[in-house]
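To start, the structure under review is shown below, and the notes come after it.
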Amino acid sequence: MSKARQRLARRVEEIQPFHVMEILARAKELEERGQDIVHMEIGEPDFPTPDPVRRAGIAALEKGELFYTPALGLPALRQAISDFYRTRYGVEVPPARIIVTTGSSGALMLACAALINAGDEVILADPGYPANRQFVRTMGGVPRSVPVDESSAYQLAPHHLESSWVDRTAAALVASPSNPTGTLVSTERLAAMAEIARARGGTLIVDEIYHGLVYEGDATTVLALADDVFVINSFSKYFNMTGWRLGWMVAPESCVAGIDRLSQNLYLAAPTIAQYAGLAALRPDTLAILDARAREFKARRDYLLPELRRLGFDIPVTPQGAFYIYAGCARLTRDSFAFARDLLEQAHVAITPGSDFGSNQADKYVRFAYTNSIERLKEGVRRIVRFLQKQ
Ligand SMILES: Cc1ncc(COP(=O)(O)O)c(C=O)c1O
């Protein structure tokens with residue numbers, strides 16, 4: 001076999017690996033050697049997919065519902081998502097504007113493919129979900145990362161858009177609540193940002209993947225405020241369905257035919273079994289299970305947040321949603337990556353260093369995920385206390 005190195009496109013070379021994957025791999029290695037690891041690095045719910053959803057998936061499989069669906073998704077699922085907007089938010093979103101996708105990752109890819117020409121810029125918050133930069137780059141765009149801090153709740157604010165928007169800006173992308181910070185963008189700011197994008201001839205994209213996991217504050221969908229925005233959502237987080245690879249996007253009606261052509265060509269359709277399961281995810285009996293789990297996430301946050309503050313982490317803005325706490329660790333270490341590594345090796349607690357989310361002060365932050373029971377979080381805190389005492 002040839003030893004020559006296969007040539008890959010430059011975009012592949014430019015992608016940074018997720019450090020959390022390294023941490024996870026090392027944690028697994030330690031576990032295989034018999035070490036007990038407290039996981040506070042994992043960005044997916046620890047709850048299994050609710051039973052009604054699993055049963056619906058099995059029923060679809062047994063009935064042989066295994067053909068392609070239309071590229072925009074099963075009509076019944078698009079209708080059910082539309083109904084969900086009405087019952088949850090009191091907002092009318094016609095099924096014709098709803099596009100079913102392969103997770104919100106598929107939706108982000110489609111949104112970028114639909115909106116970006118080569119050389120166009122997209123404004124993103126740093127820290128932010130790291131894959132967004134790659135979606136933009138893959139479509140030939142240029143991610144314009146804007147450093148954000150506690151003064152705007154670690155989120156893009158209207159003044160950031162005003163100062164960063166240039167002629168070749170196609171869009172601004174915000175996630176509310178955000179990964180890694182769990183913070184929200186207020187309704188007023190969302191409306192103002194939609195207006196700025198509109199006035200400049202661009203688009204506001206809002207990633208609402210952590211909706212449903214909001215513990216206080218006003219988290220209405222941006223669709224209540226504007227209908228010329230792109231909204232990204234998913235069955236992964238609130239619906240506890242990460243592995244099913246199902247999400248959706250809401251786009252302005254005039255864009256849907258073009259997006260239909262893109263999705264037909266890029267991936268044909270979202271997984272059929274997952275779409276049938278998704279129908280059951282939106283039923284009231286399932287939503288009751290999910291809302292109880294969301295209350296459990298809130299209880300975990302309410303436990304962990306004061307504990308981390310007590311230990312010396314700086315968390316100036318209360319994270320109102322998702323399952324993350326983005327914690328300043330400058331009082332405890334000069335290097336968050338080394339801190340995360342040492343915490344894993346010496347205290348057997350896995351967390352994610354700030355460098356996974358951008359380069360803005362990344363060495364001063366770590367992310368805690370409370371995707372673990374309160375008992376395990378308590379054990380994690382005990383270990384961190386002992387670790388810090390030894391420093
Ligand atoms: C902010 C944000 N957007 C999108 C995704 C992608 O999720 P999925 O493709 O499973 O819907 C994630 C996953 O962690 C995320 O945190």
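The values are calculated or read from the model by the stated rules, or taken from the named source; none is laboratory data. Being a predicted model, the structure only gives us computed values, none of them experimental. Cβ: placed from backbone, ideal geometry, glycine included. Neighbour counts: every protein chain shown. Ligands, DNA and RNA are stripped out before the accessible areas are found, and what is left, the full protein with its side chains, is counted by its heavy atoms. Shrake-Rupley method; radii C 1.70, N 1.55, O 1.52, S 1.80 Å.
Considering each residue of the stretch 178-191 in turn, at least one proves to be crowded, with 20+ Cβ neighbours inside 10 Å and more than 15 Å from the chain's Cα centre (by Cα).
Yes or no: Arg367 in contact (Cβ under 8 Å) with a residue 40 or more places away in the chain, under 15 Å from Gly182 (Cβ atoms), among the basic types (Lys, Arg) and open to solvent by less than 40 Å² (accessible area, probe 1.4 Å)? Yes, satisfied. Condition check: among the hydrophobic types (A, V, I, L, M, F, W, C), surrounded by 24 or more Cβ atoms within 10 Å (Cβ to Cβ) and assigned to a loop (DSSP other than H, G, I, E, B). Does Ile209 satisfy that? The answer is yes for Ile209. Does Arg310 qualify as being open to solvent by 10 Å² or more (accessible area, probe 1.4 Å), of a type in the set (Lys, Arg) and within 23 Å of Glu44 (Cα to Cα)? No.
For every residue, the table says whether it meets (1) in contact with a helix residue (DSSP H, G or I) (Cβ under 9 Å, 6 or more places away or on another chain); (2) of a type in the set (D, E, K, R); (3) on the phi > 0 side of the Ramachandran plot; (4) surrounded by fewer than 20 Cβ atoms within 10 Å (Cβ to Cβ).
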{"residue": "Asn233", "(1), (2), (3), (4)": "yes, no, no, no"}
{"residue": "Tyr238", "(1), (2), (3), (4)": "yes, no, no, no"}
{"residue": "Thr242", "(1), (2), (3), (4)": "yes, no, no, yes"}
{"residue": "Leu268", "(1), (2), (3), (4)": "no, no, yes, yes"}
{"residue": "Arg293", "(1), (2), (3), (4)": "no, yes, no, yes"}
{"residue": "Ala299", "(1), (2), (3), (4)": "yes, no, no, yes"}
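Assess whether Ser152 counts as being small (Gly, Ala, Ser), touching a His at 6+ places or on another chain (Cβ under 9 Å) and away from the ligand (no atom under 16 Å from the Cβ). Yes, satisfied. Out of all the residues in the stretch 83-103, which are open to solvent by less than 10 Å² (accessible area, probe 1.4 Å) and either within 24 Å of Gly202 (Cβ to Cβ) or of a type in the set (Ser, Thr, Tyr) (or both)? Tyr85, Val93, Ile98, Ile99, Thr101, listed by residue number. Every residue in the stretch 348-364 that is open to solvent by 10 Å² or more (accessible area, probe 1.4 Å) and of a type in the set (S, T, N, Q), please. If the condition is that a residue be open to solvent by 10 Å² or more (accessible area, probe 1.4 Å) and of a type in the set (S, T, N, Q), then Ser355, Ser359, Asn360, Gln361 are the ones that fit.
Residues are listed down the side, and each one gets a yes or a no for (1) more than 15 Å from the ligand (Cβ to nearest atom); (2) within 30 Å of Gln389 (Cα to Cα); (3) at pLDDT 95 or above:
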{"position": "Phe235", "(1), (2), (3)": "no, no, yes"}
{"position": "Met241", "(1), (2), (3)": "no, no, yes"}
{"position": "Leu246", "(1), (2), (3)": "no, no, yes"}
{"position": "Met249", "(1), (2), (3)": "no, no, yes"}
{"position": "Tyr276", "(1), (2), (3)": "yes, no, yes"}
{"position": "Ala292", "(1), (2), (3)": "yes, no, yes"}
{"position": "Leu308", "(1), (2), (3)": "yes, yes, yes"}
{"position": "Pro319", "(1), (2), (3)": "no, yes, yes"}
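Looking at Val146, is it within 17 Å of Ala114 (Cβ to Cβ), more than 15 Å from the ligand (Cβ to nearest atom), open to solvent by less than 30 Å² (accessible area, probe 1.4 Å) and over 13 Å from the mean Cα position of the chain (by Cα)? It is false that Val146 is within 17 Å of Ala114 (Cβ to Cβ), more than 15 Å from the ligand (Cβ to nearest atom), open to solvent by less than 30 Å² (accessible area, probe 1.4 Å) and over 13 Å from the mean Cα position of the chain (by Cα). Arg78 meets each of the listed conditions (1) surrounded by 21 or more Cβ atoms within 10 Å (Cβ to Cβ); (2) closer than 27 Å to Gly182 by Cβ apart from (2).
Is it true that some residue in the stretch 329-341 is aliphatic (A, V, I, L, M), assigned to a strand (DSSP E or B), away from the ligand (no atom under 16 Å from the Cβ) and open to solvent by less than 30 Å² (accessible area, probe 1.4 Å)? Scanning the stretch 329-341, I find no residue that is aliphatic (A, V, I, L, M), assigned to a strand (DSSP E or B), away from the ligand (no atom under 16 Å from the Cβ) and open to solvent by less than 30 Å² (accessible area, probe 1.4 Å), so the answer is no.
With respect to (1) assigned to a loop (DSSP other than H, G, I, E, B); (2) away from the ligand (no atom under 15 Å from the Cβ); (3) not aromatic (Phe, Trp, Tyr), the lone exception for Ala270 is condition (2).
Output the residues belonging to the stretch 104-144 that are of a type in the set (Gly, Ala, Ser) and either modelled with pLDDT under 95 or outside any helix (DSSP H, G or I) (or both). Result: Ala118, Gly119, Ala125, Gly128, Ala131, Gly140, Gly141. The set of residues in the stretch 73-102 that are of a type in the set (A, V, I, L, M, F, W, C), within 14 Å of Asp260 (Cα to Cα) and within 22 Å of the chain's Cα centre (by Cα) comprises Ile98, Ile99, Val100.
Which residues, taken from the stretch 105-122, are under 20 Å from Val250 (Cβ atoms) and either within 11 Å of the ligand (Cβ to nearest atom) or buried (at least 20 other Cβ atoms within 10 Å of the Cβ) (or both)? Within the stretch 105-122, Ser105, Gly106, Ala107, Leu108, Met109, Leu110, Ala111, Cys112, Ala114, Leu115, Ile116, Val122 qualify.
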